[in-house]
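Enquirer: Have a look at this one.
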Amino acid sequence: SGESGAGKTESAKLLLQHIMNLCKGNSQLEQQILQVNPLLEAFGNAQTVMNDNSSRFGKYIQLRFQKNTVQGAKLSEYLLEKSRVVHQDTGERNFHIFYYMFAGLSAEEKEIYGLLDPSLYRYISGRFGTQDVAQHWKHKYQEVCNALDMVGFQEQEQVDMRAILAGVLSLGNVTFEPEDGNGPVKVSEASKGWLKAAAVDVLRQFVCCVPCPPSVSCCCSPFADARDSIAKMVYGRVFGWIVSKINELLAENVDPEVELREIGILDIFGFENFAVNRFEQLCINLANEQLQHFFNHHIFQLEQAAYKEEGLPWENITFNNNEPILNLLLAKPLGLLSLLDEQSAFPQATDKTFVDKLNSSFKGNSHFQPARGHILGFSIIHYAGKVQYAASGFLEKNRDTLPANVRGLFISSVTPLLVPLHIHHEPRPTLARVKCGDEAHVLRHSLMVLMEKMYSANPHFVRCIKPNNQKEPGVVDDQVVLLQLWYNGLLETIRIRRDGFSWRPSFEEFADR
């Protein structure tokens, strides 16, 4: 754990390499486990203002052992930041894979997939890069192709995947206009070429059947929202499909007579506090609150209980307990996520009514602050400090639903990839019955499953500390480091360990020594 840009993903990769080196087992399997990283990073990482290779999802790798050799592995992914596909703030980029494709595909391949100059695409904000950067991306694209081959993607599946990614980019350029000044909405004349370029059949067809709400005969917004929802959903399914293929490849081949043991490595997005913080930052920071609570439970509560049990003369050390913050966010029925679900269920509710509800529900709560003036937002005092959230878009992102007739198109798609994408990797209720409040519901469920895994294990904590906020090598900013040591509870942790015998041999080890 650690804040964004502290080095969690790099540390996890080094740890993985180290474990593989120690166990000297199935060399082919070990190489495969190490080689899936470029694939996951290409589709799941992006440049942010805090980190040029930021994980925009959480991953938990379970290594399965028999007789001290790795027999298999399983990867679980959590909370992919799908909204990045359709929007990035200033100084940020979309997922790496889009840029790698532009740099790595030949001119002929680009023509096949209908890809034009990258500066034309709204979903990558018209930003590309220097010649050096493009050369680096070209090399990365080759790495991704090699990893796709190694993981077992057939040639046609890879073609379909590239077609879908290119189609998603073209889809983002489709705009809408009223047909006759005040009549029904249609695809704008200027963007019909983009509609054609969204070559995957279902992406092209969906626009013809997005229902126009009766009360907004000439409003283009529902169409644009549906377009963005499809882009996010399709990208999320491609990512889930990659993870499924990786798990098929790495599935263990075990002797049922021999005990199976496991080492898990959790690498999850770090605490974030940007100039503008949205629904995604709230989800990320909630996950970090949960991990901090888990750390507190093990280091402070269980440690000190063990000292008392051993009969050590001991005065309790107090620590910064973040349970009240978790209650503020997760309590039912009046926690922030429950209130968000409740508001999402009302068609008339808006981001403003949601904020009003928060302000009245959490009045006097020391971890919640209403926004001042006319700002539509609120602040949470997290364990790592105060974060101000912009509430605009909270309800829409939480609903994240698709029109029913658009769902049907995926079921009947002639692009084979989109059918299994839709049917087999649907982590939610069947799409005919998608209910409001899904995102918060999925977030809560994912965190609950993850924490169950954590609490059932014997944990070791790797705390990653960010040396400076300028993304500079070899520079240590004392104040930046000290702040992290303080809010992570590491100063109290050191004191507890120092006062309570940090080396703990078993009785056998002690007697043998």
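Enquirer: If I take the Cα coordinates of the stretch 83-132 and project them onto the principal axes, what are the three extents in Å, biggest first?
Expert: 32, 24, 17
Enquirer: Can you show me the helix-derived [θ] at 222 nm for the chain, built from DSSP H runs with n ≥ 4 at -39,500 (n - 2.57) apiece and divided by the number of residues, rounded to the nearest 500.
Expert: -14500 deg cm²/dmol, from helical runs alone.
Enquirer: For a Förster distance of 45 Å, can you work out the FRET efficiency between the beta-carbons of GLU177 and GLU323, rounded to the nearest 0.05?
Expert: Between GLU177 and GLU323 the formula returns 0.30.
Enquirer: Step through the residues of the stretch 100-117 one at a time and calculate ³J(HN,Hα) from phi using the Karplus curve (6.51 cos²θ - 1.76 cosθ + 1.60, θ = phi - 60°), rounding each to whole Hz and writing x for Gly and Pro.
Expert: Taking θ as phi minus 60°, the curve returns 4, 5, 4, 7, x, 6, 6, 4, 5, 5, 4, 5, 4, 8, x, 8, 10, 4 Hz for the stretch 100-117.
Enquirer: Give me the mean projected area, in nm² to one decimal, of the convex hull enclosing the Cα positions of the stretch 56-120.
Expert: Averaging across all directions leaves 7.3 nm² for the Cα convex hull.
Enquirer: Also, quick follow-up: Using a 10 Å Cβ count of at most 13 others and DSSP loop calls, identify the longest part of the chain lacking such GluC sites (Glu not before Pro).
Expert: For GluC sites (Glu not before Pro) (loop position, at most 13 other Cβ atoms within 10 Å), the longest site-free span of the chain is 316-513.
Enquirer: Once fully extended, how much extra length lies between ALA251 and VAL133, figured as 0.36 nm per residue of separation less the alpha-carbon to alpha-carbon distance?
Expert: So the chain would gain 38.9 nm between ALA251 and VAL133.
Enquirer: Testing the spin-label approximation: label points 7 Å from Cα along Cα→Cβ at GLN158 and GLN17. State their distance in nm.
Expert: Once both label points are built, they end up 2.5 nm from each other.
Enquirer: Also, quick follow-up: If the limit is 29 Å between Cα atoms, which of LYS13/LYS245; LYS67/LYS308; LYS13/LYS67; LYS13/LYS397; LYS138/LYS471 go over it?
Expert: The pairs that break the limit, which is 29 Å between Cα atoms, are LYS67/LYS308; LYS13/LYS397.
Enquirer: What are the semi-axes of the equivalent ellipsoid for the stretch 209-347, taken as the square roots of 5 times the Cα gyration tensor eigenvalues, largest first, in whole Å?
Expert: The answer is 42, 28, 13 Å, longest axis first.
Enquirer: Same structure again: Would you mind giving the average projected area, over all directions, of the Cα convex hull of the chain in nm² with one decimal?
Expert: 28.8 nm²
Enquirer: Another question, if that's okay. For the stretch 76-152 and the stretch 241-256, what is the separation of their Cα centres, given in Å?
Expert: 27 Å
Enquirer: Give the angle, between 0 and 90 degrees and rounded to the nearest 10, that separates the Cα long axis of helix 351-361 from the longest principal axis of the Cα atoms of the chain.
Expert: Once rounded, the angle reads 30 degrees.
Enquirer: Can you list residues whose amide H is under 5 Å from GLU252's amide H, if they're 5+ apart or on another chain and H is modeled 1.01 Å from N?
Expert: Excluding prolines and chain starts, which carry no amide H, the hits are ALA73.
Enquirer: While we're here: Accessible area, 1.4 Å probe, largest first: how do LEU329, LEU116, LEU376 sort?
Expert: LEU116, LEU376, LEU329
Enquirer: Out of residues 5 or more away from GLY377 or on other chains, whose amide H comes under 5 Å of its own, with H placed 1.01 Å from N in the peptide plane?
Expert: ALA371, ALA391
Enquirer: What is the gain in length, in nm to one decimal, between ALA305 and GLN479 on full extension, counting 0.36 nm per residue of separation less the C-alpha to C-alpha distance?
Expert: So the chain would gain 59.3 nm between ALA305 and GLN479.
Enquirer: Moving to a separate point now. Once you have the Kirkwood Rh of the stretch 1-145 from its Cα pairs, apply Stokes-Einstein at 10 °C and 1.306 mPa s and quote D in µm²/s.
Expert: Rounded, D is 94 µm²/s.
Enquirer: Just how much of VAL133 is accessible, in Å², when a 1.4 Å probe is used and the result is rounded to the nearest 10?
Expert: We get 50 Å² for VAL133.
The values are calculated or read from the model by the stated rules, or taken from the named source; none is laboratory data. For clarity, every value in this text was computed on a predicted model and none was experimentally measured. Here the Cβ is made from the backbone with ideal geometry for all residues, glycine too, and neighbour counts use every protein chain on show. Remember, those area values only see protein heavy atoms, side chains included, never the ligands or the DNA or RNA. Shrake-Rupley method; radii C 1.70, N 1.55, O 1.52, S 1.80 Å.
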